[in-house]
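Every number here is computed from the coordinates shown, using simple stated rules; none is lab data. Bear in mind that the values here come from a model prediction, so they are computed numbers and not experimental data. All Cβ positions, glycine included, derive from the backbone under ideal geometry; neighbour counts span all protein chains shown.
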Amino acid sequence: MNFEIISIPKGANFYVCPLRLEELDTAVKVCDISVGKNLYTKDYLEKSLRKDNHFFVFLRDFQNEIAGYIYFYVEDFSQTAQFLKMTPEGLKTLTQDQPEKIIHIRSISILEPYRRQRLARGLIGWALKYANQKVKATAAVVVCWKPRGQDCVPLARTVEDLKFYYIASIPRFWYNVPNLECPYCEDRCQCDAVVYYKKL
């Protein structure tokens, strides 16, 4: 993956660059702040770097400060169904589609003070284009976090702007993730997941 620049409507430029082994501790800290401690451990991220078609990418400004990240990978339809705790037949009913390769956007976050600049939209858009062109994915799925006690899905507007459509809600999706310290739940995570899908 090469150095690539992402522009946003206000004219500011950022660039994307892949996670390196020497940056693992930094990546863990950013993930802990963004999605809860222990969801992405150092061991997990290190293993992901060694897998084909797994991509953890930092978004940086031109002072080299981290503005956010995206983690995605390419998988087959049955793997997507398994992650969503569905059968392939059940998932096909929801998507009306059964592509060979799917880009699974596993995690994305934009850090303060970089929010409210449409950077998440630009970063996801870049990942969709990259996966479609480089690894020939023809569909995308994203599992969005719906914090416990809230009616809204923080990422919903962003993915809907990118023409994803809702396919399912899954209660307490992260309940059985070992040692996850959810920023909204005092004990085990009770938050729901909302799943969106898009053909590329």
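Below, the figures for the structure above:
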{"item": "Dipole in debye (nearest 20) - the stretch 1-129, about Cα centre, beta carbon charges: Lys, Arg +1; Asp, Glu -1", "result": "360 debye"}
{"item": "The stretch 116-200: Lys pairs at Cα distance under 14 angstrom, eight or more positions apart or on different chains", "result": "6"}
{"item": "Pairs of Cα atoms farther than 30 Å apart, the chain, %", "result": "16 percent"}
{"item": "Over the chain: helical MRE at 222 nm, DSSP H runs n ≥ 4 each giving -39500 (n - 2.57), nearest 500", "result": "-8000 deg cm²/dmol"}
{"item": "Dipole of the chain [Lys/Arg +1, Asp/Glu -1 at C-beta], most positive-end residue of 41, 114, 127", "result": "127"}
{"item": "Free-standing Cys residues across the chain, given no other cysteine C-beta under 4.7 angstrom", "result": "17, 31, 144, 152, 191"}
{"item": "Rg [Å, one decimal], Dmax [Å, integer] - the stretch 6-78, C-alpha atoms", "result": "13.4, 42"}
{"item": "With eigenvalues of the C-alpha gyration tensor scaled by 5 and rooted, the stretch 56-96, Å", "result": "35, 9, 7"}
{"item": "Neighbour count of at most 16 Cβ within 10 Å plus DSSP loop: longest GluC sites (Glu not before Pro)-free window in the chain", "result": "101-185"}
{"item": "Using a Förster distance of 30 Å, the FRET efficiency for residue 43-residue 169 (Cβ separation, nearest 0.05)", "result": "0.50"}
{"item": "Whole-number percent relative contact order across the chain, with pairs defined as alpha carbons under 8 Å at least 6 apart", "result": "19 percent"}
{"item": "Radius 11 Å from Cβ of residue 138, net charge of other residues (Lys, Arg +1; Asp, Glu -1)", "result": "+2"}
{"item": "Ratio Rg/Rh [Cα only; Rh per Kirkwood] for the stretch 91-149", "result": "1.04"}
{"item": "Computed log₁₀ I(q)/I(0) - Debye formula, equal Cα scatterers, no solvent, the stretch 142-200, q 0.15, 0.23 Å⁻¹", "result": "-0.45, -0.88"}
{"item": "Beta bridges by DSSP in the stretch 64-193, antiparallel share as percent, to the nearest 5", "result": "75 percent"}
{"item": "Over 19 Å [Cα-Cα, the stretch 98-200], rounded percent", "result": "48 percent"}
